[in-house]
Each structure stands twice: as structure tokens, then as C-alpha cells.
1. Report yes if residue B:62 is modelled with pLDDT of 95 or more, open to solvent by less than 20 Å² (accessible area, probe 1.4 Å) and either part of a strand (DSSP E or B) or facing chain A (nearest Cβ under 7 Å) (or both), otherwise no.
2. From the list B:94, B:77, which residue is touching a strand residue (DSSP E or B) at 6+ places or on another chain (Cβ under 6 Å) and either in a strand (DSSP E or B) or of a type in the set (Val, Ile, Thr) (or both)?
3. Given the conditions (1) more than 16 Å from DNA strand C (Cβ to nearest atom); (2) more than 10 Å from chain A (Cβ to nearest Cβ); (3) closer than 21 Å to residue B:18 by Cα; (4) assigned to a helix (DSSP H, G or I), report the number of the one that residue B:86 does not fulfil.
4. Tell me which residues, restricted to the range A:23-43, are among the hydrophobic types (A, V, I, L, M, F, W, C) and more than 7 Å from chain B (Cβ to nearest Cβ).
5. Assigned to a loop (DSSP other than H, G, I, E, B) and farther than 30 Å from residue B:26 by Cα - does that describe any residue in the range A:15-23?
6. Quick check on residue B:16: is it of a type in the set (Gly, Ala, Ser) and over 11 Å from the mean Cα position of the chain (by Cα)?
7. If you go through the range B:33-55 one residue at a time, do you hit one that is under 26 Å from residue A:98 (Cβ atoms), surrounded by fewer than 21 Cβ atoms within 10 Å (Cβ to Cβ) and within 12 Å of DNA strand D (Cβ to nearest atom)?
8. With respect to residue A:20, determine if the residue is crowded, with 17+ Cβ neighbours inside 10 Å and facing chain B (nearest Cβ under 7 Å).
Number of protein chains: 2
Amino acid sequence: MNKRLSISDDQAVELAELFRLMGDASRLKIVLACLQKPQCVSTIAATTHLSPSLVSHHLRLLRATRMLRGERRGKQVFYVATDAHVQCVITDMVAHITESEAADS
Amino acid sequence: MNKRLSISDDQAVELAELFRLMGDASRLKIVLACLQKPQCVSTIAATTHLSPSLVSHHLRLLRATRMLRGERRGKQVFYVATDAHVQCVITDMVAHITESEAADS
DNA sequence: CTGATATATGAATAGCTATTCATATCTATG
DNA sequence: CATAGATATGAATAGCTATTCATATATCAG
């Protein structure tokens, strides 16, 4: 039951990088859009109200850190979240935000 | 069982801000140091290998978003993590990092 | 091959942010 | 009060980053 909370500096950097990726509203919305099922770039752009170019730039970062995986289907490329931990974390935090909304003093 | 994953733009910004705070290695280490029990600033600075000034600057941000709470005891101020959700999220992600270390292809 | 659609990439930039250094405030003690 | 220790604050800056615009690449239809 005793949880390990002391991590090395390298691990802190690694972990912070994951959080940093979710620490931008545009990128977070992109990840959210791809959490449940694969979405193509233009759909992501439409649902997030971001330009396709910007979405593509962010997708590159999310791809590089393996938070999302892309698969080409014809002209389109579909992206989906890969990491179950990330899915859990985001889901939990979304729940946190949406639940504690009325209780915000 | 159907989890809410679509959030408003404002909520995305709010959520991203929480992640962004943890998205800096220095700040993440500070939060980690205060997760289990209250720590004073100089102790935090010592364990994180950061200057007291830098720690104090980061603490201000963490205080402002209510991730940490500070309490004065004599000359020292002790900080501790307030939000259980944040504790969970960080603990989960730490577990994620430390577990999947060997399996990193 | 041509044109059209979808995605990616590169450069340029404006705004932000982490860090440092200097200085101020707070608190206990003598 | 004066001094010392602990924390906070302010200014300055160097480096980063999100965004935009222009352009390139890829895929399919005809």
C-alpha cells in the first residue's frame, strides 16, 4: 500500500513532459477527441475549432511521445490514444473538473 | 459506465492549466515533495536541489491554483498538497513511469 | 497526367515562462 | 532595537512554444 513517490530527476523530467503535453488547451482537446475512437485530422480540427495546420503540428508532438498513434486510411490519417494510463488520468481529471464545478468556492 | 469526455473550451483551459503546472520538472518535484506530508520551503529546496528563491516562485503558482496549501509555523512555512485528485493522478503517473521502465522499447 | 482533397512541414514571430539576482518582509531571539 | 534565519517578491532575461502563413507531400478520381 506504500506508494513510491520519490523519483529520480530523469524520471521527473520524463513525467513532466507527459503532463506538459496535456498542459496546453489545444493539445488537450485534441487528445480528448482521440480518446474514445480514432479520428481523422480534419474531424479533429472541426470538433476542436482549430486550424488543420495547427492540429497537425500538435499531432506531431503527440505522436513523438507516443500519446497518440496515427494510421493512414486513404487520404485521411486517423489518430487514437495509445496509453491506457493517460486515458485514465485524463478521464479522472475531467471528472474532477466537471464534478467540483458547483462546489467551487 | 459511460464516461464524460467532451468538455467545454473553458473547462479544457482550466484542466490544461492543472496539467501545465505539473508539466515542469522543478514544479513537479516540489509537488511530489509535498504529497505525503507538509514540508517547509528550505527542506523542499534541499530535497529538490533547487534554490529557495526558485522554490518560492513556484510555490506561489501552486498556491494560487490551490494545488498546495501553506501554513506558517514560526519562521518556517509548511506546504502540503490539498487535492486528492491531484495526488491520485500524480501517483498513478509515477507508477506508470516506474513500472513501464523496463518495458520501454 | 491533372486536379482536388487531406495532411504535413518549414519559417517566422509574438508571447510566455523558468531562472537568477537583488532586495524586502516576516519571525524569533538576545 | 538589532541581528540572523526563513521566505517572499520584483525586475531582468534568455530560451522556449503556440500560432499563422505559405508551401510541400500524399492519395485518390477522372
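The values are calculated or read from the model by the stated rules, or taken from the named source; none is laboratory data. Please read these numbers as outputs of a predicted model, since none were measured by experiment. FYI the Cβ positions are ideal-geometry reconstructions off the backbone, even for glycines, and counts take in every protein chain you see. Only protein heavy atoms, including side chains, enter the accessible area calculation; ligands, DNA and RNA are left aside. Shrake-Rupley method; radii C 1.70, N 1.55, O 1.52, S 1.80 Å.
1. no
2. Numbers: B:94 fails: touching a strand residue (DSSP E or B) at 6+ places or on another chain (Cβ under 6 Å).
None of the other options fit; the residue is B:77.
3. The number of the failed condition is (2).
4. Restricting attention to the range A:23-43, the residues satisfying the condition of being among the hydrophobic types (A, V, I, L, M, F, W, C) are A:25, A:28, A:30-35, A:40-41.
Within the range A:23-43, A:30, A:31, A:33, A:34, A:40, A:41 meet the criteria.
5. The answer is no; no qualifying residue exists.
6. It is true that residue B:16 is of a type in the set (Gly, Ala, Ser) and over 11 Å from the mean Cα position of the chain (by Cα).
7. So far as the range B:33-55 goes, no, none of its residues is under 26 Å from residue A:98 (Cβ atoms), surrounded by fewer than 21 Cβ atoms within 10 Å (Cβ to Cβ) and within 12 Å of DNA strand D (Cβ to nearest atom).
8. Details: crowded, with 17+ Cβ neighbours inside 10 Å: yes; facing chain B (nearest Cβ under 7 Å): yes.
Yes: the conditions hold for residue A:20.
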